[in-house]
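Beneath this line is the structure, given in structure tokens, with notes to follow.
The values are calculated or read from the model by the stated rules, or taken from the named source; none is laboratory data. This structure is a prediction, so every number in the text was calculated from the model and none was measured. Ideal geometry is used to build each Cβ from the backbone, glycine not excepted, and the neighbour counts take in all protein chains shown. These area figures cover heavy atoms from the full protein model, side chains too; ligands, DNA and RNA do not enter into them. Shrake-Rupley method; radii C 1.70, N 1.55, O 1.52, S 1.80 Å.
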Amino acid sequence: MGDNKIIGKVPFMMVLFFLVLSCFPATVQPSINTAVQLMAGFGPSIVLPLTGNVYPRGYFELSLRIGNPPKSFTFEIDTGSDLTWVQCDADCEGCSLPKHELYKPGKAYVPFDDPLCAEIGNPGSDDPKKICSFNVTYVDGSTSGYLVRDIFTLRPDKGSTSGSSTLTFGCGNKIQSYTGEPLETAGILGLSKSVVSIPSQLRAVRETQNVIGHCLSGKSGGFLFIGNDPVPSSGVTWVPMLKKKQYYASGPADLFFDGTDIKLSHVLFDSGSTYTLFPSTIYGAILSLLSKDLIGKKLVQVPFEQDGTLPVCWRGIEPFKSQSDVKRYFKTFTLRFTKDAGLQLPPETYLVISEHGNACLGILNGTVYGVEYNLLGAISMLDKMLIYDNEKGRIGWTSGDCFPPISRTEPFSAML
Ligand SMILES: *[C@@H]1O[C@H](CO)[C@@H](O)[C@H](O)[C@H]1NC(C)=O
Ligand SMILES: *[C@@H]1O[C@H](CO)[C@@H](O)[C@H](O)[C@H]1NC(C)=O
């Protein structure tokens with residue numbers, strides 16, 4: 001018990017600048033694919049299978065191959081992070097992987113006058129080698145190191161020469177966990193809209209369009225994609241993405257529950273946070289609505305010491321075995337952004353069943369973690385395809401079973 005992370009990689013509100021790259025090197029890969037992206041001069045979309053779950057793991061991960069010869073590393077996916085980094089074999093303090101599994105940096109350091117270095121907010125360095133160092137801070141830890149460049153094999157099926165891109169990322173050699181729990185993956189995959197994020201870097205070399213999406217299965221696993229091809233041409237609910245923010249956020253929304261309406265300012269979409277967080281007053285309002293609705297339903301709230309999974313848990317007459325047992329007692333929330341754009345949050349997107357068979361609330365009091373904004377975490381994105389379309393400045397979703405597109409028939413099968 002207790003090895004699930006209460007909260008994943010919530011980004012601190014770093015003030016970063018958005019660098020607009022106005023010209024792109026013409027390195028379009030020839031491809032056998034007929035997908036839509038090619039017509040616009042982009043390579044085919046990249047689709048990567050995920051493993052992991054909200055509970056008990058607390059995160060979703062994928063494997064990427066780096067270097068030549070390529071070596072596999074696991075990354076926790078994080079739409080709330082800018083920089084991708086990997087545990088690095090460079091006098092590492094706090095690395096959780098055995099030495100032979102660490103990334104071995106070559107000599108491809110990034111100098112601190114590199115444009116991408118300015119983007120990670122590096123104030124400069126006394127280092128005589130003038131390499132670019134970084135320090136990223138999360139709610140549950142921090143990592144520092146220096147930037148390097150290496151080859152990522154993103155389309156393994158395309159062989160060794162095509163389907164790979166040279167990307168800039170962090171060699172993390174000082175890793176601190178505030179919770180004391182070691183990082184289980186080799187690194188974090190930064191998927192934000194910052195120019196240092198992997199999708200932005202791929203866009204800069206015209207490898208893929210800057211559109212990402214994920215489908216996180218409530219049963220475990222799912223897939224992540226980079227590029228526009230897997231986005232369905234209909235049936236997607238879209239809301240505008242706030243332009244000025246570094247992170248993925250919508251405008252104001254209303255949270256409806258059982259006829260009551262709670263007003264929210266913007267909402268952040270952060271797959272790197274396991275649970276959903278609201279500031280204290282909103283969290284309090286949600287908790288009282290739920291408690292009121294449970295009156296007379298034979299559920300009792302158990303003290304934290306008795307379950308230990310999450311701050312608020314309810315016990316039924318019998319231990320809960322599946323989400324369908326829970327569904328009878330809990331109603332669906334609706335997050336309404338506009339008249340036509342609503343995101344349904346059924347019980348399985350805000351409750352987990354603990355190992356003790358209690359229903360535990362996956363909505364947390366953000367104020368406890370210093371998070372004073374509304375943040376939709378992975379739990380509330382389960383069994384939907386979430387799309388972050390940086391080309392058109394919008395966020396979308398549609399329901400889905402989260403089987404990777406490769407196992408489907410057309411049009412998805414042509415995309416890998
Ligand atoms: C990163 O910076 C923060 C704030 O200055 C500091 O507390 C933390 O120890 C640094 N992290 C690492 C791993 O050096
Ligand atoms: C949320 O956390 C803050 C800080 O710990 C606390 O003061 C507040 O009472 C909590 N709110 C609720 C509704 O529990």
Probe 1.4 Å, all protein chains in place: accessible area of Leu154 in Å², nearest 10? 10
With all protein chains in place and a 1.4 Å probe, His266 shows an accessible area in Å² (nearest 10) of 40
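Taking the Cα centre of the range 237-399 as origin, sum charge times position over the Cβ atoms of Lys and Arg (+1) and Asp and Glu (-1), and report the length of that vector in debye to the nearest 20. Numbers along the way, then the final one.
Details: 17 positive and 16 negative charges, 82 e Å.
Once rounded to the nearest 20, the dipole reads 400 debye.
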For the range 325-331, in residue order, the Karplus 3J(HN,Hα) values (coefficients 6.51, -1.76, 1.60; θ = phi - 60°; whole Hz; Gly and Pro = x) are 5, 6, 4, 5, 9, 10, 8
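Roughly how many Å² is the accessible area per residue of the range 237-399, as a whole number, for a 1.4 Å probe?
On the way: 6870 Å² over 163 residues.
That works out to 42 Å² for each residue.
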Any aspartates and glutamates whose Cα falls less than 18 Å from that of Lys331, other than same-chain ones fewer than 8 residues away, would be Asp254, Asp258, Asp261, Asp293, Glu348, Asp383
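Ignoring any ligand, DNA or RNA, what whole percent of the accessible area of the range 237-399 comes from carbon and sulfur when the probe is 1.4 angstrom? Show your work: numbers first, answer last.
Working: 3770 of 6870 Å².
It is 55 percent, rounded to a whole number.
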Please calculate the 1.4 Å probe accessible area of Trp397, with all protein chains present, and give it to the nearest 10 Å². 10
At 1.4 Å probe size, put Val300, Val195 in order of accessible surface, largest to smallest. Val300, Val195
Assuming a ≥ b ≥ c are the square roots of the Cα gyration tensor eigenvalues, decide whether the range 237-399 counts as rounded (a/c under 1.5), prolate (otherwise, with a/b larger than b/c) or oblate. prolate
Work out from phi, with θ = phi - 60° and the Karplus expression 6.51 cos²θ - 1.76 cosθ + 1.60, the ³J(HN,Hα) of each residue of the range 168-177, listed in order in whole Hz, and give x for Gly and Pro. 9, 8, x, 9, x, 10, 9, 10, 10, 10
Label-point gap, in nm, between Ile317 and Asp401 - each point 7 angstrom along Cα→Cβ: 3.4
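In terms of solvent-accessible area of protein heavy atoms at a 1.4 angstrom probe, what is the ranking of Lys71, Lys263, highest value first?
Working: Lys71 75, Lys263 140 Å².
These residues rank, largest area first, as Lys263, Lys71.
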For the range 285-345, the percent of all C-alpha pairs falling in each 5 Å bin, from 0 up to the bin holding the max distance, is 4, 14, 21, 24, 18, 9, 6, 3, 0
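Pulled fully out, how much extra length does the chain show between Ser234 and Arg394, if you take 0.36 nm times their separation in residues and subtract their Cα-Cα distance?
Numbers: separation 160, 0.36 × 160 = 57.60 nm, distance 1.48 nm.
That pair, Ser234 and Arg394, stretches by 56.1 nm at full extension.
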